[in-house]
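> One structure, as structure tokens, below. Some questions next.
The values are calculated or read from the model by the stated rules, or taken from the named source; none is laboratory data. On a predicted model such as this, the values are computed, not experimentally measured, just so you know. Every residue, glycine as well, gets a Cβ built from its backbone with ideal geometry; the counts of neighbours run over all protein chains shown.
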């Protein structure tokens, strides 16, 4: 199975690959994980400068974009990036991102799974909410500390769930509960200072019967060197999600 992997804001593909190294160590034997960068410039998040020093920033990320008929010039950049144009972005910018990611999936796929951390998790959830016909071909999702997705309904792009601070947005969020039917794994912190409550709210958009849940005490992060048990639980949850995607 191939996974499209979307990093958090203020990091990049290689940093996300490093963040998930321990979790994916055993899974890489049978699955491929393709890490790409977002198109938006972003300020480095806390710790990412230090982490960048540990990672070679030469060369491209795991996917090769050469020879593709779709131009995604940001897909192999190595500086710190983001996906959503949070500063000055409008509905057209959000829809353009979805269009470019969908084009990337069709050009470089198939991708049976999508994996994201923080903002990348919110982007992944947004893709799945928008892909009502299943044209992207995803069969499962793995989200780490995912931020809130966007709803691309008749009223345009707007955040749902955690940021639903008016009656209309709250109603839209309620209507989307369980809307994503495919199997999913949700790994998030019990106490997340970066996106408090967002992991739980985002999880609600996925069908309860097909969800795996891992709650850790590591803050806004992916289980790794600081939690052997967190790594084991996460690997088991992902493995069950992949198995469920094959039988559902």
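> Checking residue 218 against (1) in a strand (DSSP E or B); (2) touching a helix residue (DSSP H, G or I) at 6+ places or on another chain (Cβ under 8 Å), only one condition comes out false. Which one?
With respect to (1) in a strand (DSSP E or B); (2) touching a helix residue (DSSP H, G or I) at 6+ places or on another chain (Cβ under 8 Å), residue 218 is out only on (1).
> Just checking: which of the strands (runs of 3 or more DSSP E) contained wholly in the stretch 97-200 hold 2 or more residues that are modelled with pLDDT under 90, more than 17 Å from the chain's Cα centre (by Cα) and surrounded by 15 or more Cβ atoms within 10 Å (Cβ to Cβ)?
Correct list: 156-159.
> A further question follows. Would you please list the contacts, defined by Cβ atoms under 7 Å and residues six or more apart or on different chains, that run from a residue in the stretch 122-142 that is at positive phi to a residue that is at pLDDT 90 or above?
Listed by first residue and then by second, the contacts come to 137/109; 137/110; 137/111; 137/112.
> Filter the stretch 3-30 for residues that are surrounded by fewer than 16 Cβ atoms within 10 Å (Cβ to Cβ), in contact with a helix residue (DSSP H, G or I) (Cβ under 9 Å, 6 or more places away or on another chain) and in contact (Cβ under 8 Å) with a residue 40 or more places away in the chain and give the result.
26
> If a residue counts only when it is under 11 Å from residue 79 (Cβ atoms) and at pLDDT 70 or above, which helices (runs of 4 or more DSSP H) contained entirely in the stretch 8-59 have at least 2 such residues?
In the stretch 8-59, 13-19 are the helices (runs of 4 or more DSSP H) which contain 2 or more residues that are under 11 Å from residue 79 (Cβ atoms) and at pLDDT 70 or above.
> Name the single residue, out of those in the stretch 201-215 being in contact with a strand residue (DSSP E or B) (Cβ under 9 Å, 6 or more places away or on another chain) and outside any strand (DSSP E or B), that is surrounded by the fewest Cβ atoms within 10 Å (Cβ to Cβ).
Step by step, filter the stretch 201-215, then rank; the result is 207.
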